[in-house]
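Here's the structure we're looking at; comments come further down.
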């Protein structure tokens, strides 16, 4: 397959069509909706994906998360998760 | 309870409550320009004349969303026959639903597609009956094939994600390769090859529609080849006909678990065929709130969980996997909705499924001798109803 499966910190990703990300009060979690289905995201996954807006780079997303949760060294975790998300076609590389 | 009340007190009850009705299916109408021989609308659909009005549908959408519904399907019949479809899609979108339109494509003009897209429609599932004009038009008893191709292009031109759905059965399963190729050419994001499940009109026509094992295995093999080869282009879903299984399906993912159907007259059902079941009538949104229906009605609690089970289900180690299978199938094949789904080989009535499967191995000429194919139309509906056919 020719499709990219790795992501670098300088890249920008966004939620891919036909997925839609939204917060669900009833489930107290972020979910990805797609035709006739739903992926319920755990806390970290939701926090990462809600920042994948097609504008911010992965680096910036990592910076925001580290600031929000007062942690450091999250970059590798974020990239690993984004690569899984990319394989699942939840996200796409904008640039 | 007042029908406009949207209290969520049940969520605070002490005893464990089921999750929300994540999937809301609005069957806007049973009216349909097609006459498909495998239609899952009730055989007596022609008796239903009093469709909900726009205001009632909007109330359903609001109440259900408040309980936590996220997926909203608009189906039928043909939902495009409702001229308030655009308004309902718009409302559903504003409420935060992921909106799905399940359509034959008849009536989906360029301008309606454009308005639906602007209203926030997220996805269209377009049904095809076959990859050839001849068989499509024969099976739906209409001249709709060319129109469907045109509609498919209109949908992709408007950049609306499209899933193609083709009901698979004895008469078209041998052309599965052409069907897959067509879906790829039309740019579908996903293709559902849904083997006929034998309810309603498909049950009436079962002998004509149940494929042989050989047909099924060939189709599955071809599907897998295409799935590998075009993994990047299209997702292909192949739904196996459950008569060929030895364990039943976890029907609707559990009774009253995630799925809520509202039929055209406002009757709320745990699945779109449950109205066939004997017992008290299912609740109607004209009299009850969605919250009351989902959490507290007799109908939605009747087969919830595992407490209702009899043997062999009750002591079965696999009961949580399939929750005893389908209640409608138990009723149709064992004449009792409270017993194991006869698809299960532990069911004492499993021989009924085996007999149907054995019959399907016969050559076409010997299989289909009960009656000719019965097309779904008002006249046949009236006749089947008069003859006491309930499924």
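The table for this structure:
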read-out	value
Count - residues of the range B:65-74 that are more than 11 Å from chain A (Cβ to nearest Cβ) and over 17 Å from residue A:34 (Cα atoms)	0
Number of the condition not met by residue B:236 [criteria: (1) within 22 Å of the chain's Cα centre (by Cα); (2) buried (at least 18 other Cβ atoms within 10 Å of the Cβ); (3) closer than 26 Å to residue B:353 by Cα]	(3)
Candidates B:90, B:73 - the one that is at pLDDT 95 or above and in contact with a strand residue (DSSP E or B) (Cβ under 7 Å, 6 or more places away or on another chain)	B:73
Identity of the residue in the range B:181-190, within 14 Å of chain A (Cβ to nearest Cβ) and part of a loop (DSSP other than H, G, I, E, B), that ends up nearest to residue B:38 (Cα to Cα)	B:188
Test: residue B:102 is part of a strand (DSSP E or B), within 12 Å of chain A (Cβ to nearest Cβ) and either under 28 Å from residue B:201 (Cβ atoms) or modelled with pLDDT of 90 or more (or both)	yes
Unmet requirement for residue A:72, which otherwise passes all of (1) more than 22 Å from residue A:94 (Cα to Cα); (2) in contact with a strand residue (DSSP E or B) (Cβ under 7 Å, 6 or more places away or on another chain)	(2)
Criterion: out of contact with any helix residue (DSSP H, G or I) (no Cβ under 6 Å at 6 or more places or on another chain), more than 21 Å from residue B:286 (Cα to Cα) and surrounded by 19 or more Cβ atoms within 10 Å (Cβ to Cβ) - qualifying residue of B:43, B:70	B:70
Of residues in the range B:79-99 being surrounded by fewer than 22 Cβ atoms within 10 Å (Cβ to Cβ) and more than 14 Å from chain A (Cβ to nearest Cβ), the one nearest to residue A:18 (Cα to Cα)	B:90
Condition check for residue A:89: touching a helix residue (DSSP H, G or I) at 6+ places or on another chain (Cβ under 6 Å) and over 16 Å from residue A:8 (Cβ atoms)	no
So residue B:365, is it without any contact (Cβ under 8 Å) to a residue 60 or more places away in the chain and out of contact with any helix residue (DSSP H, G or I) (no Cβ under 9 Å at 6 or more places or on another chain)	yes
In the range A:1-12, residue farthest from the other protein chains (Cβ to nearest Cβ) [restricted to those that are touching a strand residue (DSSP E or B) at 6+ places or on another chain (Cβ under 7 Å) and surrounded by fewer than 14 Cβ atoms within 10 Å (Cβ to Cβ)]	A:10
Any hit, the range B:242-262, residues being free of Cβ contacts under 8 Å to residues at least 40 places away in the same chain, within 14 Å of chain A (Cβ to nearest Cβ), more than 23 Å from residue B:197 (Cβ to Cβ) and surrounded by fewer than 20 Cβ atoms within 10 Å (Cβ to Cβ)	no
Residue check for residue B:50: assigned to a loop (DSSP other than H, G, I, E, B) and surrounded by fewer than 21 Cβ atoms within 10 Å (Cβ to Cβ)	yes
Within the range B:105-126, considering residues that are away from every other protein chain (no Cβ under 14 Å) and under 21 Å from the mean Cα position of the chain (by Cα), the one surrounded by the most Cβ atoms within 10 Å (Cβ to Cβ)	B:108
Among the candidates B:369, B:336, residue that is out of contact with any strand residue (DSSP E or B) (no Cβ under 9 Å at 6 or more places or on another chain), assigned to a loop (DSSP other than H, G, I, E, B) and either within 30 Å of residue B:307 (Cβ to Cβ) or at pLDDT 95 or above (or both)	B:336
Among residues of the range B:204-237, those that are under 12 Å from residue B:180 (Cα atoms) and touching a residue at least 60 places away in the same chain (Cβ under 8 Å), counted	0
The one condition in (1) modelled with pLDDT of 90 or more; (2) assigned to a helix (DSSP H, G or I) that residue B:137 fails to fulfil	(1)
Within the range B:191-232, helices (runs of 4 or more DSSP H) holding 3 or more residues that are surrounded by fewer than 18 Cβ atoms within 10 Å (Cβ to Cβ)	B:213-229
Members of the range B:288-319 that are part of a helix (DSSP H, G or I) and loosely packed, with under 14 Cβ neighbours inside 10 Å	B:298
Answer residue from the range B:160-180, given it is outside any strand (DSSP E or B) and out of contact with any helix residue (DSSP H, G or I) (no Cβ under 8 Å at 6 or more places or on another chain) and is surrounded by the fewest Cβ atoms within 10 Å (Cβ to Cβ) among those	B:178
Hey, residue B:355 surrounded by 18 or more Cβ atoms within 10 Å (Cβ to Cβ) and over 28 Å from residue B:299 (Cα atoms) or not	no
Residue within the range B:378-387 that is assigned to a loop (DSSP other than H, G, I, E, B) and in contact (Cβ under 8 Å) with a residue 60 or more places away in the chain present	no
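The values are calculated or read from the model by the stated rules, or taken from the named source; none is laboratory data. Note that the structure is a prediction, hence the values are computed from the model and not measured. Quick reminder, even Gly has a Cβ in these numbers, built from the backbone with ideal geometry, and neighbours come from all protein chains shown.
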